[in-house]
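Worksheet: one structure, shown below.
What follows is calculated from the coordinates using simple rules that are stated; it is not laboratory data. Small disclaimer: the values here were computed from a predicted structure and weren't measured. FYI the Cβ positions are ideal-geometry reconstructions off the backbone, even for glycines, and counts take in every protein chain you see.
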Amino acid sequence: MDNRDEKHLRDPEDRVIDDCNEQQRKDKAMDKTLADSFPASDPPAWESDLGLSKPADMTCEGESMDHNETTRKFERLMIKQAEHAHSAATEIEAMVSLLPDEKTRQLAQEQVKEIHKQSKDFRALAQKLKSS
C-alpha cells in the first residue's frame, strides 16, 4: 500500500467497514468524532451511545431485502455519490487559480467539468430509480 492509499484510509468517512460488525462501527464512529473535533481546544464529548445501531436499511448475513428496499438503498447511494462528486469538483474549482501554470489549471478545469458531469449522471440515475 502506498502513502496515498494509507492516507486515504485514515479518513473515517472513506473507510469501508462491515456494517454488521459492531466493533468496526464503534471504531469508525469514534474515529469520525475525533476527526470532526480536530483541531479543537476541547476534547470530544464521549457518550455511551454513539448511534452505532445497524442502519435500518442494511442487511446482514442471513437477512434479505425486498426489491423496493434494494432500489431505495441504491438510490440513496447514487445521491451520496453525486454529493461526493459535487463536493470534490467544488474543492478543485477553489484551487484552480492557485495552481502554478496554465496547463495545470486547464487540466484541473477539465477535471472539474468531468466530475460535475459524473455528479449529474449519478443524480439522473437516482431519479430514474425513484421513478421506477
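Taking neighbour counts of Cβ atoms within 10 Å as a proxy for exposure, in what order, fewest first, do Asp66, Asp18 appear?
Details: Asp66 7, Asp18 11.
Ordered from fewest to most neighbouring Cβ atoms within 10 Å, Asp66, Asp18 come out as Asp66, Asp18.
May I ask for the Rg/Rh ratio of the range 64-132, computed from Cα atoms with Rh as the Kirkwood radius, given to two decimals? Let's see the in-between values first.
Values: Rg = 16.0 Å, Rh = 13.3 Å.
Result: Rg/Rh = 1.20.
Based on the mean of other Cβ atoms within 10 Å per residue, sort peptides 117-123, 106-112 so the most packed one is first. All intermediate terms of the calculation are to be shown ahead of the outcome.
On the way: 117-123: 16.1, 106-112: 14.1.
Going by the mean number of other Cβ atoms within 10 Å, highest first, we get 117-123, 106-112.
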